[in-house]
Amino acid sequence: MDDSGTRGRVSPAIALVLLCVVGVVVGGVAFAQSTDGPSGEAILNDTHETYESAETLTGSADVTMSNASANHTGTVEYALADDEGARVALTTDGRTVAMGTNGSIAWVDSPTLQRAWTVENSSENASELCEAASERAATFDANDSAPGADEMEAAAANLSTVDCESLPAEWDEAKSSLPTNLSEANLSATRTGTETVDGTEAYVVSLSHDNESVDVEGTMWVATNDSRLLEARVTDGVNTTTVRYDDQRFNASVHESTFAPPADRTASTTESYDGFDATNEAVDGDLPTLAADGFEFEEATVAGTGDGTIVAQQYADGATNATLVTTDGEQVPYERLNGTSVTVDGADATAATMDDRTVVVWTDGESTRALVTDGSTDEAVALAEAVQ
């Protein structure tokens with residue numbers, strides 16, 4: 001879908017839909033009044049109160065993004081419980097990505113990424129998940145004949161360049177800049193009448209931006225009997241996003257297992273150590289060491305990923321830093337990088353460049369190892385051969 005030139009202009013109308021549904025105070029916005037029915041202000045206030053006061057909310061939504069040349073659809077299923085948990089699953093093109101939390105464990109389950117971690121370590125694992133997604137995007141190759149292939153390739157290229165270390169700070173900054181009510185979003189609403197949506201009578205509320213140069217319009221259909229949001233649509237005249245909500249249930253009983261990770265997932269744990277002996281005692285078996293001249297152990301991180309253990313040891317010789325990664329799990333850092341074939345002590349290995357650093361990956365038959373350094377490929381291979 002070609003939305004060049006419109007990024008940033010659709011966001012105010014999308015923000016309106018989010019603000020009305022997820023519980024931000026509605027106030028101060030310019031609403032058209034009417035003498036033959038409730039005002040736009042009353043309609044949206046009732047919708048806000050309905051969603052905000054619900055202890056649980058479940059349902060699904062069909063999402064369609066379209067323009068003159070493309071049409072993409074997906075289904076979102078959701079279950080939300082106040083202070084208990086959340087679960088969201090997105091299905092598109094026959095693939096499902098699910099994520100959620102039960103308050104103590106957060107998790108992601110998709111065809112390319114399966115991970116769970118304790119909520120206490122969520123900020124650390126957010127960066128880890130970002131790195132995994134970025135590495136996957138770096139090798140993404142869409143089927144040229146598939147609808148939207150060019151757009152998917154462009155999105156993957158953008159994702160592969162994300163600075164994961166700065167992502168949490170940027171996210172916090174983005175959240176703090178969100179409008180706290182509709183007036184801050186510079187939006188106006190007008191009740192234009194009533195229509196029937198899937199057999200339910202609905203108020204139609206038209207939305208527009210106060211700045212006439214922002215060519216974005218939105219429409220919301222709100223059930224007249226219980227203030228449910230039935231449908232929302234946003235358009236910039238070229239691209240249109242439509243969300244149709246189905247089977248919404250307020251205050252229904254939701255079993256706690258709904259928010260739990262899949263049965264074969266266990267929470268990731270992360271511990272840091274400042275000595276090699278302590279690191280070695282924290283894992284099963286003996287860890288390899290980097291025995292290169294001048295390099296000394298500095299610190300290590302041991303992470304349990306649910307399907308194995310990843311150990312990252314940091315070494316330095318004063319001028320050069322090196323990280324020795326060892327894992328006995330199936331999900332291996334750097335395994336999807338495109339690289340060149342090299343040998344480490346006669347064993348097959350792969351060398352690749354990532355963020356101006358060189359990665360050499362090989363296996364000793366029982367575990368997979370990776371040596372990461374800011375040196376050249378030859379220097380990285382030499383350090384890999386010094387691993388004992």
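Here the range 61-88 is the region considered, the condition is being surrounded by fewer than 17 Cβ atoms within 10 Å (Cβ to Cβ) and closer than 19 Å to PHE259 by Cβ, and the residue that is nearest to the chain's Cα centre (by Cα) is VAL88. Restricting attention to the range 93-108, report how many residues are of a type outside the set (Val, Ile, Thr) and part of a strand (DSSP E or B). Residues flagged as of a type outside the set (Val, Ile, Thr) and part of a strand (DSSP E or B) within the range 93-108 amount to 6. Evaluated against (1) under 17 Å from the mean Cα position of the chain (by Cα); (2) at pLDDT 85 or above; (3) more than 20 Å from VAL234 (Cα to Cα); (4) open to solvent by less than 70 Å² (accessible area, probe 1.4 Å), PRO38 falls short on exactly one condition, (1). When THR241, THR258 are checked against the criterion of being touching a Gly at 6+ places or on another chain (Cβ under 8 Å) and not hydrophobic (A, V, I, L, M, F, W, C), a single residue qualifies: THR258. If you go through the range 372-383 and keep only what is open to solvent by less than 60 Å² (accessible area, probe 1.4 Å) and closer than 15 Å to ASP317 by Cα, you end up with VAL372, THR373, GLY375, ALA380, ALA382, LEU383.
The values are calculated or read from the model by the stated rules, or taken from the named source; none is laboratory data. Nothing here was measured: the structure is a model prediction, and the numbers come from that model. Positions of Cβ are backbone-derived with ideal geometry, glycine not excepted, and every protein chain shown enters the neighbour counts. We work out accessible area using only protein heavy atoms, side chains counted, and drop any ligands, DNA or RNA first. Shrake-Rupley method; radii C 1.70, N 1.55, O 1.52, S 1.80 Å.
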